[in-house]
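A.B. asks: Could you have a look at this structure, given as structure tokens, before my questions?
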Amino acid sequence: MVVTTPASDGVSDKAKNLHFSSIVVDTHDDTTQLLLDPKFDLGVRHTTGSIDIPRMREGGMSAIFFSIWMPSKVTGPVAVAKALEQMDAVRRQIDSHPKDLVLATTAADIRQTRKDGKIAALMGVEGGHMINSDLAVLRKFAGLGVRYMTLTHSGNDEWADSSTDKAVHNGLTDFGKNVVREMNRLGVIVDISHVSDKTFYDALEVSTAPVFASHSSCRAICDAPRNMTDQMMKDLAAKNGVIQINYHVGFLSQEFRNAEKADPKINEAISKEVTARCGAEANEGCMLLEGVRITREYVAKGVLPKVDYSKIIEHIDHAVKVAGIDHVGLGSDFDGANMPYGMEDASMLPKITEALLQKGYSEGDVKKILGENTLRVMADVERVSRELQSQK
Ligand SMILES: [Zn+2]
């Protein structure tokens, strides 16, 4: 089905045909924070945020991973309870939109959901702190449908070092390695976005299934510690993994990053303004949306540089050159980060297909980036899980 929308203006019929006949997977969306408000309806078109059913349909998104997230500082039983609450919120949205959404847990589910004309909804836990160092909690999450877990968020957890915290574990602890082994057994993808380089290499060594980065970009283009070096991408690819490119301007653009670093007062001012707008009892959903809005105001005033969505294509192309066409995908970070101009929401995804075709990518290669590579990793992880479970 080819849809004509203002968002896909400038997209050729060839690109539209290709895009809407492909399986398009986005492995990281923070929309869950908005779903915690019981009044929020994913079924109607919103003027803020990036994700809702109408815009996913316009953009041809076939599968979305809703991120289960809270800051690293939330730990213990509270973190477990809050994670369960978020999983419940995702599942309730799916239940209330049966014509549009299906809870999916496998690559085959995604293909079937696509055939049925619906959108596959999946869940990933963003931060190992939410299992409270308890494998039984990990198993419970998997039972509720969680299909990846990011080993850390921006702070260390009890058993793994993060890329944006002071290393205290030298990568993964012995327990952390057991977490990875149990994830392999359960068929939960090991996600290495956010983790320190040493944690990445420990996870790569211990995991018997391919691992992925659900939302990371290339450090060679933008020197953020949670982006991947060329060598890390090569080593990820050698184990058949995938780097899902993150659209956040601070991970795409060195110029944007430099501007933020040059004047730390900018981010302080943005945080202050966010708190003022959302109130003292601010929820994460309000803070995410207002943070995006205020950052855009700073760009409009010329305080921060304007980053265009072509930067996403630059990262995809670099990752393909380094890691190979079979090892790159899409992990937007929609509703959790600052999107570049021209990729404000899910309805604009066909522009990625157009840009890749213009760059000379074949139709088969574009399909791999849009979703086929992710489906392959999922199928591999499922196979390893079956093998490990049958060894008992
Ligand atoms: Zn993240």
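A.B. asks: From the list A213, A160, A209, exactly one residue is modelled with pLDDT of 95 or more and more than 18 Å from W69 (Cα to Cα). Which is it?
C.D. replies: Going through A213, A160, A209 in turn, just one is modelled with pLDDT of 95 or more and more than 18 Å from W69 (Cα to Cα): A209.
A.B. asks: Kindly evaluate T374 against the criterion of being touching a strand residue (DSSP E or B) at 6+ places or on another chain (Cβ under 9 Å) and among the β-branched types (V, I, T).
C.D. replies: yes
A.B. asks: Could you give me the residue pairs with C-beta distances under 6 Å whose first residue belongs to the stretch 26-51 and is more than 25 Å from P350 (Cα to Cα) and assigned to a helix (DSSP H, G or I), whose second residue is at pLDDT below 95 and not acidic (D, E) wherever it lies, and which are 6+ apart or on separate chains?
C.D. replies: Listed pairs, sorted by first residue: Q33/G285; Q33/L288.
A.B. asks: Which of (1) more than 16 Å from the ligand (Cβ to nearest atom); (2) under 20 Å from V74 (Cβ atoms); (3) in a loop (DSSP other than H, G, I, E, B); (4) of a type outside the set (S, T, N, Q) does V137 not meet, given it meets every other one?
C.D. replies: Failed condition: (3).
A.B. asks: Can you give me the ranges of the helices (runs of 4 or more DSSP H) entirely in the stretch 245-308 with at least 2 residues that are over 19 Å from the mean Cα position of the chain (by Cα)?
C.D. replies: Counting at least 2 such residues, we get 254-262, 264-278, 284-300.
A.B. asks: In the stretch 158-191, which residue that is within 16 Å of the ligand (Cβ to nearest atom) and among the small types (G, A, S) is farthest from V25 (Cα to Cα)?
C.D. replies: The qualifying residue farthest from V25 (Cα to Cα) is A160.
A.B. asks: Let me ask something else about it. Within the stretch 175-215, how many residues turn out to be over 15 Å from M149 (Cβ atoms), polar (S, T, N, Q) and in contact with a strand residue (DSSP E or B) (Cβ under 9 Å, 6 or more places away or on another chain)?
C.D. replies: The number of residues fulfilling the criteria is 1.
A.B. asks: Among the residues of the stretch 192-210, how many are aliphatic (A, V, I, L, M), under 18 Å from the mean Cα position of the chain (by Cα) and away from the ligand (no atom under 16 Å from the Cβ)?
C.D. replies: 0
A.B. asks: Let me ask something else about it. Can you pull out every residue in the stretch 212-256 that is more than 22 Å from I325 (Cα to Cα), within 16 Å of the ligand (Cβ to nearest atom) and touching a helix residue (DSSP H, G or I) at 6+ places or on another chain (Cβ under 7 Å)?
C.D. replies: The answer is A224, V249, G250.
A.B. asks: Which pairs have Cβ atoms under 6 Å, sit 6 or more apart or on different chains, and link a residue in the stretch 366-381 that is in a helix (DSSP H, G or I) to one that is crowded, with 19+ Cβ neighbours inside 10 Å and aromatic (F, W, Y)?
C.D. replies: From the stretch 366-381, the pairs are V377/F212.
A.B. asks: Right, next: Could we say that L18 is within 21 Å of the chain's Cα centre (by Cα) and not in a strand (DSSP E or B) here?
C.D. replies: Taking the combined requirement at face value, the residue does not satisfy it.
A.B. asks: Please give the number of the condition L84 fails out of (1) surrounded by fewer than 17 Cβ atoms within 10 Å (Cβ to Cβ); (2) among the aliphatic types (A, V, I, L, M); (3) outside any helix (DSSP H, G or I); (4) under 22 Å from the mean Cα position of the chain (by Cα).
C.D. replies: In the conditions (1) surrounded by fewer than 17 Cβ atoms within 10 Å (Cβ to Cβ); (2) among the aliphatic types (A, V, I, L, M); (3) outside any helix (DSSP H, G or I); (4) under 22 Å from the mean Cα position of the chain (by Cα), L84 misses (3) alone.
A.B. asks: Ok, one more. Report yes if some residue within the stretch 309-328 is more than 16 Å from the ligand (Cβ to nearest atom), over 18 Å from the mean Cα position of the chain (by Cα), surrounded by 23 or more Cβ atoms within 10 Å (Cβ to Cβ) and basic (K, R); otherwise report no.
C.D. replies: Checked the stretch 309-328: no residue is more than 16 Å from the ligand (Cβ to nearest atom), over 18 Å from the mean Cα position of the chain (by Cα), surrounded by 23 or more Cβ atoms within 10 Å (Cβ to Cβ) and basic (K, R).
A.B. asks: State yes or no: is G155 small (G, A, S), within 15 Å of the ligand (Cβ to nearest atom), in a helix (DSSP H, G or I) and more than 30 Å from S390 (Cβ to Cβ)?
C.D. replies: no
A.B. asks: While we're looking at this one, here's another question. With the checklist (1) out of contact with any His (no Cβ under 8 Å at 6 or more places or on another chain); (2) buried (at least 21 other Cβ atoms within 10 Å of the Cβ) in hand, flag the one item A259 doesn't pass.
C.D. replies: So A259 meets the others, but not (2).
The values are calculated or read from the model by the stated rules, or taken from the named source; none is laboratory data. Since this is a predicted model, take the numbers as computed values, not measurements. Cβ sites come from the backbone with ideal geometry, for glycine too, and all protein chains shown count toward neighbours.
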